[in-house]
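Encoded as structure tokens, the structure appears first; notes follow it.
The values are calculated or read from the model by the stated rules, or taken from the named source; none is laboratory data. Remember, predicted model here, so these are calculated numbers, not experimental data. All Cβ positions, even for glycine, are placed from backbone atoms using ideal geometry, and neighbour counts span all protein chains on display.
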Amino acid sequence: MFTNPVHIVQHCGTPMLKSFNTETRFDHASAANGYIPFERIQNTRDLGGHLAHDGRRIRAGRLLRGGNPGLASAADIATLKSFKLDVVLDFRAPGEKQPAEQAFAEIFHWIADPVLVGNLSQETVLPMLKNGSAETSRQFMIDFYRDFPRRYQAQFKRFLTLAEQNKTMLYHCTAGKDRTGFASVLLLSALGVDHAAIIANYLESNHYNAAGNAQVLAQIAEAALPSEVVAPLLMVDAAYIEASLQVVEDDYDGMDHYLRQVLGIDLERIRRNYLEPTS
């Protein structure tokens, strides 16, 4: 039952509903592109294997992106421990967290560095959901993404500094699609991965979040919300991330300048840390 319809789209677009079944999974036999199957952590992937422009590839098991791991099962925790994570970085806001996540915090070095993008107050979002259209929702997300490179440079610099420090890490938000998606674009760019491969990695969230999104779209009639308005908020779209990248290009003279000069990141050091020969 929906107690607050705005929770559908707040904080990375994951349904924050007691009725959401985190154990509904994709067929693990179809896993590809670094996907790591978990019982209660969605959209978790290893960046290992992506090729850099110099012919090297990202080492497996060092850089993981995902959805919220805080309610991980015992089996999930065992799998995460096998990666020997130095740090788990959490982009979520305090309001996205639950008391039951404390057990996870006692096991892993879990750092909070919230990225609080956009005005997601009930007063702002609810009228849009009730009276808007698919296009207004899509434009909302595009504007949402334009804020990432402008307003949250400190958070993303700290994220990339962990990569400079050669940390084995899992970084996440709630659904692992928006804040985690932009962070992954920065990290893969820093590592010299091809633009097309970066966008493809971003868009894979639609596949790995499909089960959860289907549950939300099946339930929204209870809140009298049109599915065509909600759907663009649950999905990723190339136009969303391209909006971020256009800001990087127009305002900061391109990705290389943004990473090196605006965020002050040592790209060569990051590449030494995580890239390996392909043979």
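Specify the residue that is modelled with the lowest pLDDT; the eligible residues are those in region 93-119 that are over 30 Å from Pro37 (Cβ atoms) and under 18 Å from the mean Cα position of the chain (by Cα).
Going through the qualifying residues, I end up with Gly118.
Does Gly55 fit the bill of being out of contact with any Lys or Arg (no Cβ under 9 Å at 6 or more places or on another chain) and assigned to a loop (DSSP other than H, G, I, E, B)?
The answer is yes for Gly55.
Just to verify a result, which residue in region 159-191, among those that are over 16 Å from the mean Cα position of the chain (by Cα) and part of a helix (DSSP H, G or I), is nearest to Val88 (Cα to Cα)?
Leu162
Which one of these does Glu123 not meet: (1) at pLDDT below 95; (2) closer than 28 Å to Gln246 by Cα; (3) acidic (Asp, Glu)?
Just one mismatch for Glu123, condition (2).
Are any residues in region 67-82 small (Gly, Ala, Ser), out of contact with any Asp or Glu (no Cβ under 7 Å at 6 or more places or on another chain) and surrounded by 11 or more Cβ atoms within 10 Å (Cβ to Cβ), and if so, which ones?
Scanning region 67-82 gives Gly67, Ala72.
Which of (1) closer than 19 Å to Ala243 by Cα; (2) at pLDDT below 95 is the odd one out, the single condition Pro149 does not satisfy?
Answer for Pro149: the failing condition is (2).
Within region 43-52, which residues are assigned to a strand (DSSP E or B) and surrounded by fewer than 19 Cβ atoms within 10 Å (Cβ to Cβ)?
Leu51
Could you check region 221-269 and list, in sequence order, the residues that are assigned to a helix (DSSP H, G or I), over 22 Å from the mean Cα position of the chain (by Cα) and either crowded, with 21+ Cβ neighbours inside 10 Å or free of Cβ contacts under 8 Å to residues at least 24 places away in the same chain (or both)?
Selection gives Ala221, Ser227, Asp250, His257, Arg260, Gln261, Glu268.
Listed here are the residues, each with its yes/no results for (1) more than 19 Å from Gly66 (Cβ to Cβ); (2) at pLDDT below 95; (3) in contact with a strand residue (DSSP E or B) (Cβ under 6 Å, 6 or more places away or on another chain).
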{"residue": "Phe156", "(1), (2), (3)": "no, no, no"}
{"residue": "Glu164", "(1), (2), (3)": "yes, no, no"}
{"residue": "Tyr171", "(1), (2), (3)": "no, no, yes"}
{"residue": "Ser184", "(1), (2), (3)": "no, no, yes"}
{"residue": "Gly192", "(1), (2), (3)": "yes, no, yes"}
{"residue": "Ser205", "(1), (2), (3)": "no, no, no"}
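Give the residue that is farthest from Ser189 (Cα to Cα), with candidates limited to residues of region 41-92 that are without any contact (Cβ under 8 Å) to a residue 60 or more places away in the chain and within 16 Å of the chain's Cα centre (by Cα).
Gly70
Looking at (1) out of contact with any helix residue (DSSP H, G or I) (no Cβ under 7 Å at 6 or more places or on another chain); (2) more than 25 Å from Gln153 (Cα to Cα); (3) among the hydrophobic types (A, V, I, L, M, F, W, C); (4) crowded, with 17+ Cβ neighbours inside 10 Å, which one does Ala60 not meet, given that it meets all the others?
Result: Ala60 fails condition (4) only.
Can you tell me how many residues within region 65-95 are within 21 Å of Leu160 (Cβ to Cβ), of a type in the set (Asp, Glu) and outside any loop (DSSP other than H, G, I, E, B)?
1
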